[in-house]
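> To start, I am sharing the structure in question, which I have written as structure tokens.
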2 protein chains.
Amino acid sequence: MRKFKEINPSPRTLMTPGPVEADPRVLRAMSAHILGQFDPEFTELMNETMEMERYVFQTKNRQTYLVDTTSRGGLETVLTGAICPGDKVLIPAFGRFGYLLAEILERCGADITLLEKEWGTVFDPQEVEDALKKDSYKAVACIHGETSTSMMQPLKEIGEICERYGVLLIVDAVATLGGTEVKVDDWKLSACISGTQKCISAPSGSALITYNEQIEQIVKARKRVEKGIRTADDVAGQLAGIPSNYLDLGQLEDYWSPRRLNHHTEATSMQYAVHEALRCIVEETLEARFARHQLNDRALTAGLQAMGLTIFGDLEHKMPVVTAINIPEGVDGKAIRGMMLNEFGIEIATSFGPLDGKILRIGNMGYSSQKRNILILLGALEAVMKRNGVKVSTGEAVNAAMDVYENAAKKQEA
Amino acid sequence: MRKFKEINPSPRTLMTPGPVEADPRVLRAMSAHILGQFDPEFTELMNETMEMERYVFQTKNRQTYLVDTTSRGGLETVLTGAICPGDKVLIPAFGRFGYLLAEILERCGADITLLEKEWGTVFDPQEVEDALKKDSYKAVACIHGETSTSMMQPLKEIGEICERYGVLLIVDAVATLGGTEVKVDDWKLSACISGTQKCISAPSGSALITYNEQIEQIVKARKRVEKGIRTADDVAGQLAGIPSNYLDLGQLEDYWSPRRLNHHTEATSMQYAVHEALRCIVEETLEARFARHQLNDRALTAGLQAMGLTIFGDLEHKMPVVTAINIPEGVDGKAIRGMMLNEFGIEIATSFGPLDGKILRIGNMGYSSQKRNILILLGALEAVMKRNGVKVSTGEAVNAAMDVYENAAKKQEA
């Protein structure tokens, strides 16, 4: 067996829509030694994680915990727990990840209706209401921040509409939680799912989920306690059982509840990572964190525009944590991305489907959302665009971004 | 929002059947900064991980990679990928985790036949052959090391029988891989699944899987590429699709293949952890590693017996990495476990189901499998048993273990 070298990654500045840089505090927390899964010190950490997660989701939901999967697994866990085979679900899709919700739900036998929208736009809440009028749905499932297009769907009105129609609203906030407002209770979201590798700024590998009492009741009615650890009190529920054992919301609830019923072995170091990432957010406060992302977004946008690049999509609904630029005519987006990575150690992203080759996406998330990163990215991108034959205004981008920072600082002083 | 303290776990020696201590090298590797999932440096790490995994599984299987779940999710991924709804599966169950295989397979619509065996024993291969004669099965699924009872099922003959009957053999080696022989190719296992938190000695949160070409063909026939990234070449297969999106072997294969088709975002730090854990195994060599576990097992067993305790189950088929002791009459196992943890910082385990309250289980796995740990555990357990009113021979246990180590050292010198 040949020998391999130890891990020693080259320096990287990650300005993609995820994974982004983990806070160094988070990386250090993961090197704490392992605790047993039922060690009271460990279960106390799990409880603290739940409490901090409620702060980040802005919710009082009891069922607010982690799933030991990446964000995609968290989505599947909540969707397949809340939605039974045959349930009608409306999916307003405005990018790749809307189709992923459909894909997950189709596999579990849900009856899907897709509302489709041109990539680069969002839905008017009225369009959702019109669809709800036409048929009787169990749920609406939609994306909050669609990283494939950089668009962000306003949810407050849709939440009110869903409540009025007695329909669940299940939201994918994988890209937005911790970077911009996600008000689970105020917006009346029935469930919300996020990941760790974006604005939460921990490594990929855990999913944050929360859901309300209504979904808790559905899960209760679908519950099957595992044979090997079942007691006489554990009667099977009335609704169809949940198809997966690993992604079974009922079993996960029991594991995260005071009952601590054995299911999987909680991912110890990822638990440490999320605990520390949430501590960073609590210390910074959501308010200051959102303001930081917004300021960096304004600086980035100003810089890109000063360079002469155009921003893709409906600017009014652009996510503050992702910006997509139109790739200039005749330029190879992969070459731009490659030169940014190989020469500058800065990673940005291309896109998928109808936008493949048309846009480049720049992330501004979590620990990566820093003034310094915005400035060096703009300087590097200008040079790379120039070397790839794009006619950009040189010397303007960084300058425009610095103006934004200086004006913001002056405003704060005043 | 109240403030929480940083993670600072009390010192612990983890002598349970998992999770056990991660090698400090593994914990340090996780603090390396994040790389993007398609960064060539990261995909190279993934390839290296596959190569080292093949060494540990003793296989040439191309499909040898990680699933971003704990071990239980890895089991479900392989089982639900290889087994279609309606397929007949024979499960020789000799403890809790055999029933878990049945539970997972029932949920995906398999037609299960359970062979049951008293907890504390294993199957005679002839019993499996007799069952295969009676009906036509697609697969046999069984546990290699049943941690709930400490028993280890010999697999070489069962592998030959399954080959003779044209039946797949899918094996859960969660508790044994990296601690004792698991010869995937030599034993003719069609698929094998393991976790990270036992003899691999990394944190929980990733699953190691391998499967042969026969299962690869089944997966191919069930494949559905996700709509958002599907091309004209991606035609749906002939067999029923895989029920889960997150645990979809077909999509995982594409992600781990040179095609690198986007699926989840690989759990970066867990990837680092497994890479380093496998590097530790490659450096130690499997041969030396198995010998270390065996020696520590002999010392532990000799110590426990010298104390006057009796070992549970069929000694000839005891796992070298787990030892179960019969709880003496009138003693509360939970009190023993509690005093070991609270007074000595040493964690051992109780058990489940019919063995609840009857046995205590001591792990001897991975980094935790050390002479020092065996000696301090024996000393502590003697004191705890005594304080709980058990009449043990005092001063004998540690002494007997030290004899084993000294004799082994002398033998090696000679």
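The values are calculated or read from the model by the stated rules, or taken from the named source; none is laboratory data. Keep in mind it's a predicted model, so treat the numbers as computed, not measured. Here the Cβ is made from the backbone with ideal geometry for all residues, glycine too, and neighbour counts use every protein chain on show. Side chains are part of the model used for accessible areas, which takes the heavy atoms of the whole protein and leaves out ligands, DNA and RNA. Shrake-Rupley method; radii C 1.70, N 1.55, O 1.52, S 1.80 Å.
> Is there a residue in region B:333-354 that is of a type in the set (D, E, K, R), surrounded by fewer than 16 Cβ atoms within 10 Å (Cβ to Cβ) and in a loop (DSSP other than H, G, I, E, B)?
Of all residues in region B:333-354, those of a type in the set (D, E, K, R) come to B:334, B:337, B:343, B:347.
Adding the requirement that they be surrounded by fewer than 16 Cβ atoms within 10 Å (Cβ to Cβ) leaves B:334, B:343.
Retained after the next criterion (residues that are in a loop (DSSP other than H, G, I, E, B)): none.
No, region B:333-354 contains no residue that is of a type in the set (D, E, K, R), surrounded by fewer than 16 Cβ atoms within 10 Å (Cβ to Cβ) and in a loop (DSSP other than H, G, I, E, B).
> Out of the residues in region A:35-44 meeting the condition of being more than 7 Å from chain B (Cβ to nearest Cβ) and assigned to a helix (DSSP H, G or I), tell me which one is surrounded by the most Cβ atoms within 10 Å (Cβ to Cβ).
Here the answer is A:Phe42.
> In region B:21-34, what residues are more than 7 Å from chain A (Cβ to nearest Cβ) and either of a type in the set (A, V, I, L, M, F, W, C) or part of a loop (DSSP other than H, G, I, E, B) (or both)? Can you show your working first?
Just the residues of region B:21-34 that are more than 7 Å from chain A (Cβ to nearest Cβ), to begin with: B:23-26.
Matches in region B:21-34: B:Asp23, B:Val26.
> Could you tell me whether A:Asn8 is open to solvent by less than 30 Å² (accessible area, probe 1.4 Å), assigned to a loop (DSSP other than H, G, I, E, B) and out of contact with any Leu (no Cβ under 6 Å at 6 or more places or on another chain)? Walk me through it before giving the result.
On the way: open to solvent by less than 30 Å² (accessible area, probe 1.4 Å): no; assigned to a loop (DSSP other than H, G, I, E, B): yes; out of contact with any Leu (no Cβ under 6 Å at 6 or more places or on another chain): yes.
For A:Asn8, the condition - open to solvent by less than 30 Å² (accessible area, probe 1.4 Å), assigned to a loop (DSSP other than H, G, I, E, B) and out of contact with any Leu (no Cβ under 6 Å at 6 or more places or on another chain) - is not met.
> Okay, moving on. List the residue pairs whose Cβ atoms are under 6 Å apart, where the first residue sits in region B:360-380 and is on the phi < 0 side of the Ramachandran plot, the second is assigned to a helix (DSSP H, G or I) and among the β-branched types (Val, Ile, Thr), and the two are 6 or more positions apart or on different chains.
Once the first residue is on the phi < 0 side of the Ramachandran plot and sits in region B:360-380, its partners that are assigned to a helix (DSSP H, G or I) and among the β-branched types (Val, Ile, Thr) give B:Leu375/B:Val398; B:Leu378/B:Val398; B:Gly379/B:Val398.
> Looking at A:Ala306, A:Ala291, can you tell me which residue is more than 20 Å from A:Thr16 (Cβ to Cβ), open to solvent by less than 40 Å² (accessible area, probe 1.4 Å) and in the same structural domain as A:Val384 (by TED's automatic domain parsing)?
Details: A:Ala291 fails: open to solvent by less than 40 Å² (accessible area, probe 1.4 Å).
That would be A:Ala306, the only listed residue that is more than 20 Å from A:Thr16 (Cβ to Cβ), open to solvent by less than 40 Å² (accessible area, probe 1.4 Å) and in the same structural domain as A:Val384 (by TED's automatic domain parsing).
> Determine, yes or no, whether B:Gly363 is at pLDDT 95 or above, among the small types (Gly, Ala, Ser) and surrounded by fewer than 24 Cβ atoms within 10 Å (Cβ to Cβ). Even if it seems obvious, please write down each step before you answer.
Numbers: at pLDDT 95 or above: yes; among the small types (Gly, Ala, Ser): yes; surrounded by fewer than 24 Cβ atoms within 10 Å (Cβ to Cβ): no.
No, not satisfied.
> In region B:110-140, which residues are open to solvent by 40 Å² or more (accessible area, probe 1.4 Å) and more than 23 Å from the chain's Cα centre (by Cα)?
B:Asp111, B:Thr113, B:Gln126, B:Glu127, B:Asp130, B:Lys133, B:Lys134, B:Asp135, B:Ser136, B:Lys138 - these are the residues of region B:110-140 that are open to solvent by 40 Å² or more (accessible area, probe 1.4 Å) and more than 23 Å from the chain's Cα centre (by Cα).
> Of all residues in region A:96-109, which are more than 7 Å from chain B (Cβ to nearest Cβ), within 16 Å of the chain's Cα centre (by Cα) and open to solvent by less than 10 Å² (accessible area, probe 1.4 Å)?
A:Gly98, A:Leu101 - these are the residues of region A:96-109 that are more than 7 Å from chain B (Cβ to nearest Cβ), within 16 Å of the chain's Cα centre (by Cα) and open to solvent by less than 10 Å² (accessible area, probe 1.4 Å).
> Report, ordered by the first and then the second residue, all pairs with beta carbons closer than 7 Å, sequence separation of six or more or different chains, a first member in region A:252-270 that is more than 13 Å from chain B (Cβ to nearest Cβ) and in contact (Cβ under 8 Å) with a residue 40 or more places away in the chain, and a second member that is of a type in the set (Val, Ile, Thr) and open to solvent by less than 10 Å² (accessible area, probe 1.4 Å).
Note: pairs meeting the criteria are A:Glu253/A:Val219.
> Would you call A:Lys188 under 19 Å from the mean Cα position of the chain (by Cα) and open to solvent by 10 Å² or more (accessible area, probe 1.4 Å)? Outline the logic, then answer.
On the way: under 19 Å from the mean Cα position of the chain (by Cα): yes; open to solvent by 10 Å² or more (accessible area, probe 1.4 Å): yes.
Taking the combined requirement at face value, the residue satisfies it.
> Only one of these conditions is not met by A:Ser194: (1) over 16 Å from A:Ala139 (Cβ atoms); (2) surrounded by fewer than 24 Cβ atoms within 10 Å (Cβ to Cβ). Which number is it?
(2)
> Give the residues of region B:188-206 that are in a strand (DSSP E or B) and either within 14 Å of chain A (Cβ to nearest Cβ) or under 15 Å from B:Glu21 (Cβ atoms) (or both), sorted by residue number. Talk me through it step by step, then tell me what you get.
Taking region B:188-206 first, the residues in a strand (DSSP E or B) are B:191-195.
Residues satisfying the conditions are B:Ile193, B:Ser194, B:Gly195.
> With the checklist (1) out of contact with any Ser or Thr (no Cβ under 7 Å at 6 or more places or on another chain); (2) aliphatic (A, V, I, L, M); (3) in a strand (DSSP E or B) in hand, flag the one item A:Leu309 doesn't pass.
(3)
> Just give me the residues in region A:209-236 being more than 14 Å from chain B (Cβ to nearest Cβ), open to solvent by 10 Å² or more (accessible area, probe 1.4 Å) and closer than 30 Å to A:Glu163 by Cβ, in sequence order.
A:Asn212, A:Glu213, A:Gln214, A:Glu216, A:Gln217, A:Ile218, A:Lys220, A:Ala221
> Please go through region A:50-66 and give me each residue that is facing chain B (nearest Cβ under 9 Å) and either free of Cβ contacts under 8 Å to residues at least 12 places away in the same chain or closer than 17 Å to A:Glu266 by Cα (or both), ordered by number.
Of everything in region A:50-66, just one residue is facing chain B (nearest Cβ under 9 Å) and either free of Cβ contacts under 8 Å to residues at least 12 places away in the same chain or closer than 17 Å to A:Glu266 by Cα (or both), namely A:Glu51.
> Among the residues of region A:11-20, which ones are touching an Asp or Glu at 6+ places or on another chain (Cβ under 9 Å), open to solvent by 10 Å² or more (accessible area, probe 1.4 Å) and more than 7 Å from chain B (Cβ to nearest Cβ)?
Passing the criteria: only A:Thr13.
> What do you reckon, is A:Leu239 away from chain B (no Cβ under 14 Å), farther than 27 Å from A:Ala400 by Cα and buried (at least 24 other Cβ atoms within 10 Å of the Cβ)? So that I can check it myself, show each step before the final result.
Numbers: away from chain B (no Cβ under 14 Å): yes; farther than 27 Å from A:Ala400 by Cα: yes; buried (at least 24 other Cβ atoms within 10 Å of the Cβ): no.
Considered against the rule, which asks whether it is away from chain B (no Cβ under 14 Å), farther than 27 Å from A:Ala400 by Cα and buried (at least 24 other Cβ atoms within 10 Å of the Cβ), A:Leu239 comes out as no.
> From the list A:Ser257, A:Ser206, which one is surrounded by fewer than 18 Cβ atoms within 10 Å (Cβ to Cβ), assigned by TED's automatic domain parsing to the domain that holds A:Thr149 and at pLDDT 95 or above? Write out each step before concluding.
Working: A:Ser206 fails: surrounded by fewer than 18 Cβ atoms within 10 Å (Cβ to Cβ).
Residue meeting the stated conditions: A:Ser257.
> For A:Asp172, which of the numbered conditions (1) at positive phi; (2) in contact with a helix residue (DSSP H, G or I) (Cβ under 8 Å, 6 or more places away or on another chain) fails to hold?
Every listed condition holds for A:Asp172 apart from (1).
One line per residue, one yes/no per condition, for (1) hydroxyl-bearing (Ser, Thr, Tyr); (2) touching a Gly at 6+ places or on another chain (Cβ under 7 Å):
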{"site": "B:Ala324", "(1), (2)": "no, yes"}
{"site": "B:Ile327", "(1), (2)": "no, yes"}
{"site": "B:Thr350", "(1), (2)": "yes, yes"}
{"site": "B:Ile359", "(1), (2)": "no, no"}
{"site": "B:Asn373", "(1), (2)": "no, no"}
{"site": "B:Val398", "(1), (2)": "no, yes"}
{"site": "B:Glu413", "(1), (2)": "no, no"}
